[in-house]
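Following: one structure in structure tokens, then a few remarks.
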Amino acid sequence: QVQLVESGGGLVQVGGSLRLSCAASGTFCSIETMRWYRQAPGMQRELVAGIKNGGSTNYADSVKGRFTISRDNAKKTVHLQMNTLKPEDTAVYYCNADVKQSYVIPSYTYWGQGTQVTVSS
């Protein structure tokens, strides 16, 4: 079984910064794409940023230039550095990863339990 555990959420003022981390544990061969999603109250879950195994990244337009996704393959972790935070960034942030538990079967997508980020004005 694979587990993703997020950390680093909290309460921050407008313009502040937070760094989220997500660590993968369990038995698997490799982790392909890792992503951060977020879900605000009453809203659909949306993709914030993603990073492939080779390091290529993509971002939602709303966070470009403010958020940076990175990963440490050796430590099986993904991070989201969030700068210049705005009230509209308030949401539960979820880690997501495509994990291959065997090289002969397709990857499976796992989710973390989420971490709350609140940006106060």
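Given points 7 Å out from each Cα along the Cα-Cβ axis, report the ASP72 to CYS29 separation in nanometres with one decimal. Taking the two extended label points, one gets 2.6 nm. Sparsely packed loop sites in the range 1-107 (the GluC sites (Glu not before Pro) outside DSSP H, G, I, E and B with at most 10 other Cβ atoms within 10 Å) do not occur.
Within the straight-line cut-off of under 16 Å between alpha carbons, the aspartates and glutamates reachable from LYS100 are GLU32, sequence neighbours fewer than 8 places apart in one chain being disregarded. Take every pair of alpha-carbon atoms less than 8 Å apart whose residues are at least six positions apart; their mean separation over the length of the chain yields a relative contact order of 36 percent. Excluding same-chain neighbours fewer than eight residues apart, the aspartates and glutamates reachable from LYS86 by a Cα-Cα span under 16 Å are ASP61. For GLU88, the shell of other residues with beta-carbons less than 13 Å away shows a net charge of 0, using +1 for Lys and Arg and -1 for Asp and Glu. Averaging the Cα positions of each part gives two centres, and for the range 68-101 and the range 44-65 these lie 9 Å apart. Out of LEU80, LEU47, LEU11, any idea which swings most in a Gaussian network model of the chain, alpha carbons joined below 10 Å? In the Gaussian network model the winner is LEU11.
If only the Cβ of Lys and Arg carry +1 and only the Cβ of Asp and Glu carry -1, the dipole of the chain around its Cα centre is close to 180 debye.
Normalised per residue, the accessible area of the chain is 53 Å², obtained with a 1.4 Å probe and no contribution from ligands, DNA or RNA.
The values are calculated or read from the model by the stated rules, or taken from the named source; none is laboratory data. Bear in mind the structure is a predicted one, so any value in this text is a computation, not a measurement. All Cβ positions, even for glycine, are placed from backbone atoms using ideal geometry, and neighbour counts span all protein chains on display. Please note that ligands, DNA and RNA were not included when accessible areas were found on the heavy atoms of the full protein model with its side chains. Shrake-Rupley method; radii C 1.70, N 1.55, O 1.52, S 1.80 Å.
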